[in-house]
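Heads up, the thing below is written out as structure tokens.
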Amino acid sequence: MSITQTRQGSLRLVNAARVQARGSLYVAEAQIHTMLKWIWLIILTAIANPVLYLISIGIGVGSFIDKNAGLAGVDGVKYLTFLAPALLAAAAIQGAMDETVFPTIQGFKWYKNFFAINSTPLTGNQIATGVFLAALFRVFFTVLIYWFVMLAFGALESERAWLAIPTAIFAGAAFGALLQALAALLEDENFFFTVFSRFIMMPLFLFSGTFYPLNAMPIFLQWIGWISPLWHATELGRYMTYHHAISTLMLWVHLIFLTILLVIGIYFSRRFYTERLAK
Amino acid sequence: MSEPLISARKLTKKFGDFIALDAIDFDVAKGEAFGFLGPNGAGKSTAMRIIGATSQRTSGEITILGKDPEVDGPQIRAHLGVVPQQDNLDQQLSVTENLYIYGRYFGLSRKFVKGKIEELLTFAQLEEKRNAKVESLSGGMKRRLTIARALVSEPEILILDEPTTGLDPQARHILWDRLFRLKEVGVTLVITTHFMDEAEQLCDRLIVMDRGKIMAEGSPAQLIKDFSTREVLEVRFGSERNSEVANTLRELCERMEELPDRILLYSEDGESLLEKIYAINLHPKTSLVRRSSLEDVFLRLTGRTLIE
């Protein structure tokens, strides 16, 4: 049959109200469809990343640290147990960054496919939300695998350790949303990849209490941790996995900090997507 | 004209001080193939983005399918198929995946889209490339895929911005044939082009644009009749002598245009005019009699050629 014989017309076929209600899901579906093309790479990274880190640093470096720390351990636990929740949060944040920043630059600049999507009934808000939802899917997958590897390494000591999964996803979501908004503004991605990853991401990773407690740093360097989503996520993760001592106030501070990032990120990514598409 | 599908009044778009569209009026009827003809920078693509409900006007009015694009953009876009000037296919995906995903953006069911893909592959002559990645396709194939993609939702209006720019003659003719077929089943076509032959082939009616303004409006035949003669005699005396003989030639014809490389003489009978030129002992190095085209209309209206 040819398209001219079977034509019904969009007035019969397309339900604009349905697209208005579900549009973000259609975008997420498409993003995940593309993501699945590299599913083996994603699975391999999701497994190799925790295994390599936990063996080399958690067990390798940890054996020296545990020897020196004696029974007190680091924060009262083995180094591996101390380190693992921080690496879980870092993996969540890295996964969220990959799946929000790259598709955003690609959609606006490399392939310009966001402009094609915007020629359909879908809006900038829906495209931004769809990309974000797809990134959450990847983060969920990464965090879940990481958590099970942690379990296998005996790094989960608390009965509420399963709560480290939603906590890490929440941290990934907050940071991912923020970077998605930033990526929507980028005209020159080279700047982002050279400056941002070297001078912002790397210090955040090193100075967020990831490898040692934040208060081991001189006070004038501790502020890096305070503004780092990774530190807030790590503190929450440690609280979930081994009863790391946190006051109720600080528990709320961590949650509110990440929530604020999430809300700001979602608001501005939707806004910047819409503005850039209308240029 | 029946109730227009697209209606614009004093439509204006400014980018800072630059006026891309200067208070233009036009109507497009259902089932019509309507063209915007003009050189690069005339404002055609700006008009297309406003009609595509993705860019906002600065002032004036426009309704598409009876709706205001600034209020009901998504509802309008639900019934448009858009072929942009530059292909924006998803390079990471295959031919069928591009069609599938685009269909889903319109909320079409997976089953419907899968069936539709087969029809579209046949229509675009891409059956053998169904699993090929987009980046491996030729320019003509990508263009046909972009058009096929725009048709996945069976749109009421198909918007084509410079549909055949960059294509070889054979690929252009294949595309024109496909567009004719769509028109036959009642799809309204809105086309921009700076190719006069394309405008003549495809458009029932068109507006000639220059610097954001409408210079003329009508069917290709009517525009030629109104703004040119039946035939044109093109003569070349060599770049140095062209201006020497121009004044003499001007006396022999209805209108004359002197271009850097040749002289165009407008007349109802080009062969007779050429005989007259020989009769006064002028011998052009080359001569060509042809029918008037939209290029001549544009030259008459603006004093410039379409492709400069």
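The values are calculated or read from the model by the stated rules, or taken from the named source; none is laboratory data. This structure is a prediction, so every number in the text was calculated from the model and none was measured. Note: ideal-geometry Cβ built from the backbone for every residue, glycine included; neighbour counts use all protein chains shown.
Per the listing B:Cys203, B:Cys253, the residue uniquely more than 26 Å from B:Ile6 (Cα to Cα) and of a type in the set (A, V, I, L, M, F, W, C) is B:Cys253.
Taking A:Ile264 as the residue in question, decide whether it is in a helix (DSSP H, G or I) and over 30 Å from A:Glu159 (Cβ atoms). Yes: the conditions hold for A:Ile264. Number of residues in the stretch B:68-86 that are more than 7 Å from chain A (Cβ to nearest Cβ) and more than 17 Å from B:Val190 (Cα to Cα) equals 5. Listed by first and then second residue, the pairs linking a residue in the stretch A:204-226 that is closer than 14 Å to A:Ala84 by Cα and hydroxyl-bearing (Ser, Thr, Tyr) to a residue that is in a loop (DSSP other than H, G, I, E, B) and at pLDDT 80 or above, with Cβ atoms under 6 Å apart and 6 or more places separating them unless they lie on different chains, are A:Ser208/A:Ser228.
Taking the criterion of being assigned to a helix (DSSP H, G or I), aromatic (Phe, Trp, Tyr) and within 30 Å of B:Tyr102 (Cα to Cα), would at least one residue in the stretch B:193-215 satisfy it? Looking for residues that are assigned to a helix (DSSP H, G or I), aromatic (Phe, Trp, Tyr) and within 30 Å of B:Tyr102 (Cα to Cα), one finds none in the stretch B:193-215, hence no. With respect to the conditions (1) in contact with a Leu (Cβ under 9 Å, 6 or more places away or on another chain); (2) in a loop (DSSP other than H, G, I, E, B), B:Ile76 lacks only one, and its number is (2). For the stretch A:228-279, the set of residues classified as under 18 Å from A:Leu178 (Cα atoms) and more than 22 Å from the chain's Cα centre (by Cα) consists of A:Thr274, A:Glu275, A:Arg276, listed by residue number. The residue that is farthest from the other protein chains (Cβ to nearest Cβ), counting only those in the stretch A:122-155 that are under 11 Å from A:Ile47 (Cα atoms) and without any contact (Cβ under 8 Å) to a residue 24 or more places away in the chain, is A:Phe148.
Taking the conditions (1) out of contact with any Phe, Trp or Tyr (no Cβ under 9 Å at 6 or more places or on another chain); (2) in a loop (DSSP other than H, G, I, E, B) in turn, B:Asp90 satisfies each one other than (1).
The set of residues in the stretch A:243-279 being surrounded by 14 or more Cβ atoms within 10 Å (Cβ to Cβ) and within 14 Å of chain B (Cβ to nearest Cβ) consists of A:Tyr273, A:Thr274, A:Arg276, A:Leu277.
When restricted to residues that are out of contact with any helix residue (DSSP H, G or I) (no Cβ under 7 Å at 6 or more places or on another chain), away from chain A (no Cβ under 14 Å) and closer than 29 Å to A:Arg276 by Cβ, the stretch B:29-57 contains 7. At pLDDT below 90 and among the small types (Gly, Ala, Ser): does that describe A:Gly76? Yes, satisfied. Among the residues of the stretch A:216-240, the one identified as within 10 Å of A:Ala89 (Cα to Cα) and polar (S, T, N, Q) is A:Thr234.
Count of the stretch B:163-189 residues, restricted to those that are outside any helix (DSSP H, G or I) and more than 13 Å from B:Gly140 (Cα to Cα), is 5. The lone criterion from (1) out of contact with any helix residue (DSSP H, G or I) (no Cβ under 8 Å at 6 or more places or on another chain); (2) more than 24 Å from B:Asp90 (Cα to Cα); (3) more than 9 Å from chain B (Cβ to nearest Cβ) left unmet by A:Ala17 is number (3).
Checked against the criterion of being buried (at least 24 other Cβ atoms within 10 Å of the Cβ), within 15 Å of B:Pro74 (Cβ to Cβ) and small (Gly, Ala, Ser), the candidates A:Gly130, A:Gly95, A:Gly124 yield just one match: A:Gly130. Where strands (runs of 3 or more DSSP E) fall wholly inside the stretch B:1-58, the ranges with 3 or more residues that are among the basic types (Lys, Arg) are B:6-15.
Candidates in the stretch B:89-104 are the residues that are facing chain A (nearest Cβ under 9 Å) and surrounded by fewer than 20 Cβ atoms within 10 Å (Cβ to Cβ); of these, the one that is nearest to B:Leu137 (Cα to Cα) is B:Gln91. Taking the stretch B:115-135 as the range and being away from chain A (no Cβ under 12 Å), in contact with a helix residue (DSSP H, G or I) (Cβ under 7 Å, 6 or more places away or on another chain) and outside any loop (DSSP other than H, G, I, E, B) as the test, the residues that pass are B:Glu127, B:Lys129.
Among the residues of the stretch B:157-177, is any surrounded by fewer than 16 Cβ atoms within 10 Å (Cβ to Cβ), at the interface with chain A (Cβ under 9 Å from one of its Cβ atoms) and under 29 Å from B:Val28 (Cα atoms)? No, the conditions are met nowhere in the stretch B:157-177. Contact map, the stretch A:96-121: first residue under 30 Å from B:Glu156 (Cβ atoms) and within 14 Å of chain B (Cβ to nearest Cβ), second residue among the acidic types (Asp, Glu) and buried (at least 22 other Cβ atoms within 10 Å of the Cβ), Cβ cut-off under 7 Å, separation 6 or more or different chains; pairs are A:Tyr111/B:Asp90; A:Asn113/B:Asp90. Contact map, the stretch B:257-271: residues that are closer than 15 Å to B:Arg304 by Cα paired with residues that are of a type in the set (Val, Ile, Thr) and at pLDDT below 90, Cβ distance under 9 Å, separation 6+ or inter-chain. Pairs shown: B:Leu259/B:Thr305; B:Ile263/B:Val245.
In the stretch B:181-203, the condition of being acidic (Asp, Glu) and over 30 Å from B:Lys10 (Cα atoms) is met by at least one residue. Residues that are touching a Gly at 6+ places or on another chain (Cβ under 9 Å) and buried (at least 22 other Cβ atoms within 10 Å of the Cβ) do occur in the stretch B:133-146, at least one of them.
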